[in-house]
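One structure is given below, encoded as structure tokens.
Laboratory data are not the source of any read-out in this text; all were calculated from the coordinates shown. Note that the structure is a prediction, hence the values are computed from the model and not measured. Don't worry about glycine lacking a Cβ; one is built from the backbone with ideal geometry, like all the others, and counts go over all protein chains shown.
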Amino acid sequence: MIRTLIRPSSRRSLLKGLGAAGAAGVAISILPSKGFAAEEKKLNIYNWDTYIGKTTLDTFKQKTGIEVQYDLYASNEELFAKLKAGNPGYDVIVPTDYTLADMIAVNMVQALDHSKIPNIMNIDPDSKFSNPVYNPGLKYGLPYMWGTVGLGYRPSKTGPIDSLAAIFDSDKYSGRIALLDDQRSVLGYALKFLGYTLNSTNPDEVTKARDLLIKQKKHIKTLAGDNGQDLLLAGEVDITMEYNGDIVQIMHEDKDIAYVVPKEGGIVWIDNIAIPTGAPHPDNAHAFINHVNDPEVNAELTNTIQYATPNAAARKLVNADDLKNPAIYPPAELLSKSESIAPVGDALRLYDEAWTAFKAA
Amino acid sequence: MQDWRKNKLAFAILMAPASFWLILFFTIPLAIVWVYSFGGRGPEGQTLIQFSFDNYRRSLEWIHLGIIWKSIVIATITTAACLVLGFPLALAIAFAPSRLKNVLLLLVILPFWTNLLIRTYSWIAVLREKGFLNFGLEWLWNETDWVLTLLGMPDVLGDFQPLRLLYNLPAVVIALIHVQLPFMVLPLYATLEKLDKSFLEASLDLGASQWRTLLSVTVPLAMPGIASGVLLTFILSLGSFLAPDLLGGTEGLMIGNLIAHQFGPSRDWAFGSALSFLIMYTTFIVLWVRSAIASRSEGGVGI
């Protein structure tokens, strides 16, 4: 019936008109979108594995309608190397403190617009979180989660442990010790044991730390990259130097596991959520950072992954058991003696050479 | 086959894709790494393009030469063991009845189809203190203890102490032999297969024993295959970093690990490039030695 209502020649012109309108519409929509239309509803997140809540991404999608593409990396070096050659399209990244410091120095991250992140006021006002040395005023990223690197051990085999002397000054646990395969952490611990700062740039101090490690080498079973907790759980070692979150996870499977921040002071790490330069969807990224710092979302995240949150408002909603757990929230006096790994600039060569000497000894 | 000079255009067209691939994905990246090896390192780990021999000088320091030497020793042990294990295996396959040949070859190639990481990881499951080997030994120990108790000697064997087979150099060598064996067997098999069996028959007819034939006739004729297999295995073992990293514990530092460390935590790509090229030069020298051996051996079947 339509065919007879519209005469053939005008049908052709109608189709032509529709075609022109369609082409114009497409052309308008692919014009640069600033001011014309919002960013497309997509977000590319690059994060550590098992480092997000069960519902974080779903609630984000419900609130904003933005689709999330979620990729994983296993180390700060991998993150840095991937972005060094040019941002392949990530909007949100989660570098650890010293990596963020390096990225700021080479303009790999962009400054945040705090007006788009109202939940920033929920961050703990302690200067460690709200005004860190490497990121003053939280200009380039917000703290995401924090924790410590300490000693996980099996009390039934080793007895109580509270000091680095167990791994650096004794042969009681010979052959049952695993250390992290990370030069800054292990040499840093040796420096702290000798009473120096974690981020020493003094060649003599680093040499003494190296010699201590070489002396202890025969008691160390292996250097574990990220599976120290698995070795502890399997009974291959009785003491391991590991991140607190990894030890807390195996504590669920085996009650005979304990974690301690040594009395000489441990290593504190703070992961930060940031936006790399060249991100295709910076507005969506800001919205995500804001979403993650919403007290309820943050509490759900923390309760799932069981790391410590720097979000003071969320802490009220965190599991009471987690708040009391010294493996997650270490006591204040140990925290005050702990330090964060900071970039040491050219002095990194000292650590490289000390580490190579230790490994080759 | 035509002589390529007769139809240069066809030759060029056929060569083009392979040459293009080689240049784009091999020569150019290698050239970039070569340029890096003369470069420097900025304070945040950036690679600076400059010209200095610092990196090479540093890679020739005693400690790094020690690591290179250790890697060469490990690679040599691995290659020797692969040769001793692989030659009889290749011989057996080459002289097997033809219906069995394919099956046997498949058995040698099959591990290739499993990811290298999984193959190396599986050694952890076998060698660790609560691994299969120690479980087996513990079972044997307990059974022997039970038998001895029955025979009236209850406390002869004490508690079972698991063997420390992992996180040391022997574990690395074992895993490397396991991984590299196919690389030794296949070139050897290829040579032995093409061997003119009449030479062996003649030797036996002339009164030589089997053993004598093997040493005086088969091995010299198979020398090009042996050279290829040894070369391949040696170079691959020298550059390995997975096995020493996973299985070596604190003793596992080979040159591959050192180079990987430079491109990772140390962020000193220039030094890593210099070390890589040092290995490259070593490889070129070994290749040159190989071609010298190959050109010397007349009558042998080349690969």
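So the values come out like this:
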read-out	value
For the stretch A:50-204, alpha-carbon Rg and Dmax in angstrom	19.8, 58
The stretch B:1-128: C-alpha pair distances exceeding 25 Å, %	66
Burial ordering of A:Thr201, A:Thr240, A:Thr222, B:Thr114, fewest other beta-carbon atoms within 10 Å first	B:Thr114, A:Thr201, A:Thr222, A:Thr240
Of the trypsin sites (Lys or Arg not before Pro) in the stretch A:270-337, those whose Cβ has at most 15 other Cβ within 10 Å and which sit in DSSP loop	A:Lys316
Tail fraction, Cα-Cα pairs, the stretch A:117-241, threshold 23 Å, whole percent	44
Using a Förster distance of 60 Å, the FRET efficiency for A:Lys255-B:Leu206 (Cβ separation, nearest 0.05)	0.20
Distant-in-sequence amide H partners of A:Trp269 (H built 1.01 Å from N, under 5 Å)	A:Gly147, A:Thr148, A:Val149
Nonlocal amide H pairs with B:Gly42, under 5 Å, H built at 1.01 Å	B:Thr47, B:Leu48
Cβ crowding within 10 Å averaged over residues, with A:208-215, A:78-85 ranked highest first	A:208-215, A:78-85
Whole-Hz ³J(HN,Hα) from phi, Karplus 6.51 cos²θ - 1.76 cosθ + 1.60, for the stretch B:217-233, glycine and proline x	10, 5, 4, x, 5, 8, 3, x, x, 4, 4, 4, x, 4, 4, 4, 5
Rounded to whole Hz, the Karplus (6.51, -1.76, 1.60) HN-Hα couplings of the stretch A:227-234, x for glycine and proline	10, x, 5, 5, 5, 5, 5, 7
12 Å beta-carbon shell around A:Leu317, net charge (K/R +1, D/E -1)	-2
Relative exposure of A:Tyr73, B:Tyr167, B:Tyr121, judged by other C-beta atoms within 10 Å (fewest first)	B:Tyr121, A:Tyr73, B:Tyr167
Quarter of the Cα convex hull surface for chain A, i.e. its orientation-mean projected area (nm²)	24.1
Assigned charges on the beta-carbon of Lys, Arg, Asp, Glu; the protein assembly as shown dipole about Cα centre (debye)	2680
Extension gain, B:Phe11 back to B:Ile293 (0.36 nm per residue minus Cα-Cα distance, nm)	98.5 nm
All Cα pairs of the stretch A:74-124, percent lying beyond 17 Å	42
Overall Cα dimensions of the stretch A:298-344 - principal axes, largest extent first, Å	36, 22, 18
Translational diffusion of the stretch B:64-210, µm² s⁻¹ [Kirkwood Rh, Cα pairs; Stokes-Einstein; 4 °C; 1.567 mPa s]	68
Order of A:Arg349, B:Arg267 under a 10 Å beta carbon neighbour criterion, fewest first	A:Arg349, B:Arg267
Computed over the stretch B:155-208, Cα set: Rg, Dmax in Å	22.1, 63
Helical contribution to [θ] at 222 nm, DSSP H n ≥ 4, -39,500 (n - 2.57), averaged over the protein assembly as shown, rounded to 500	-16500 deg cm²/dmol
Radius, Kirkwood style, for the stretch A:243-361 when every pair of distinct Cα atoms is counted (Å)	17.3
Range of Cα positions in the protein assembly as shown per principal axis (Å), largest first	96, 96, 62
Globularity index of the stretch B:124-231, i.e. its alpha-carbon radius of gyration over 2.2 N^0.38 Å	1.80
Descending semi-axes in Å of the stretch B:219-283, equivalent ellipsoid built from Cα gyration tensor	29, 16, 6
Given charges at Cβ of Lys, Arg, Asp, Glu: the protein assembly as shown dipole, positive-most of B:Gly40, A:Tyr153, A:Gly86	A:Gly86
Computed FRET value (nearest 0.05) for A:Glu40 with A:His114, which takes r as the C-beta separation and R₀ as 22 Å	0.35
Set A:Lys157/A:Lys215; A:Lys172/A:Lys255; A:Lys82/B:Lys130; A:Lys128/A:Lys217 screened for pairs whose C-alpha atoms are more than 31 Å apart	A:Lys82/B:Lys130; A:Lys128/A:Lys217
Ellipsoid equivalent to the stretch B:1-49 - semi-axes via the Cα gyration tensor, in Å	40, 9, 6
At R0 = 35 Å, FRET efficiency that the Cβ-Cβ distance of A:Leu323 and A:Ser156 yields, to 0.05	0.85
Convex hull volume per residue in cubic angstrom - Cα atoms of chain B	236
